[in-house]
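Values quoted throughout were computed directly from the atomic coordinates according to the rules given, and no laboratory measurement underlies them. Only a predicted model underlies this, so the values are computations on that prediction, with no experimental measurement involved. Heads up, the Cβs are rebuilt from the backbone with ideal geometry, glycines too, and the neighbour counts pull from every protein chain shown.
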């Protein structure tokens, strides 16, 4: 499916037909742009944010100069290579990648890759059933937005005027308040994980992630850490699954069929090195 026919799907569609190249003066070529549909539809940004209530955002096609950003070892080590790429691609320079909701960032990254290197993404996938690793092709144009609004209604989630969610956990019957993560929290979480790895400390990514998006417990902001440490495992699993369903994001799962054990089921699109550097 072409990018231009994705009105009902997450991805990019050209803002206009690419301008013709002036054969007499190649330097007059203007980089085309595209509009990317935002999973959040701009509903969870504050009123002063440039994307408040905006359903799309305009980015330019990737260029050779943008590829230089992707190969910068300094940016890669700092964990900000994607943010720097998006900063360069965004047309509206008021928008800061670190202020974007994670789901909206994912949509932009997928769109940038699709227009830069094509919608077909071939990479290695590990079968969740038999652990066989084999090549698999993902069609990026088939990635759709998670129907978060339907899920919020389905699970009877309360959305506050602060754009947070109130959820009641089934096992402990505890009311927890959740917020949507932005690039800021994503960077903090990545740095914390790397710091623990370097200092050979025990990994705690799961609970660290909870601390990133749980705002309060039964209305109390001071007892979040204590509750996370004693949260029943069934509540933990429920919360992780629910959070994925109510967050505006791109559904990065597609059907995979294993050639060894015949497993057939959804697997996530891996953001490995060959995502931006296809073979």
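Treating each Cα of the stretch 148-246 as an identical point scatterer and summing with the Debye formula, the log10 of I(q)/I(0) at q = 0.11, 0.18, 0.24 Å⁻¹ comes to -0.34, -0.89, -1.39. You can think of it this way: the chain between residue 190 and residue 240 has 16.2 nm of extra reach, that is 0.36 nm per residue less the Cα-Cα gap. Adding -39500 (n - 2.57) for every DSSP H run of four residues or longer, then dividing by how many residues the chain holds, sets the calculated 222 nm ellipticity at -9500 deg cm²/dmol.
Taking R0 as 22 Å, what FRET efficiency do you get between residue 172 and residue 150 from their Cβ-Cβ distance, rounded to the nearest 0.05?
On the way: r = 26 Å, r/R0 = 1.19.
The computed FRET efficiency comes out at 0.25.
Across the stretch 41-166, the mean sequence separation of Cα contacts (distance under 8 Å, 6 or more residues apart), normalised by length, yields a relative contact order of 15 percent.
In this rough spin-label picture, where each label sits 7 Å from Cα along the Cβ direction, the residue 130-residue 46 distance is 5.4 nm. Over the chain, the ratio between the Cα radius of gyration and 2.2 N^0.38 Å evaluates to 1.09. Residues in the stretch 57-76 near a label at residue 277, defined as backbone nitrogen under 13 Å from the 7 Å Cα→Cβ point? Once the point is set 7 Å along Cα→Cβ of residue 277, 67-74, 76 turn out to lie under 13 Å by backbone N, inside the stretch 57-76.
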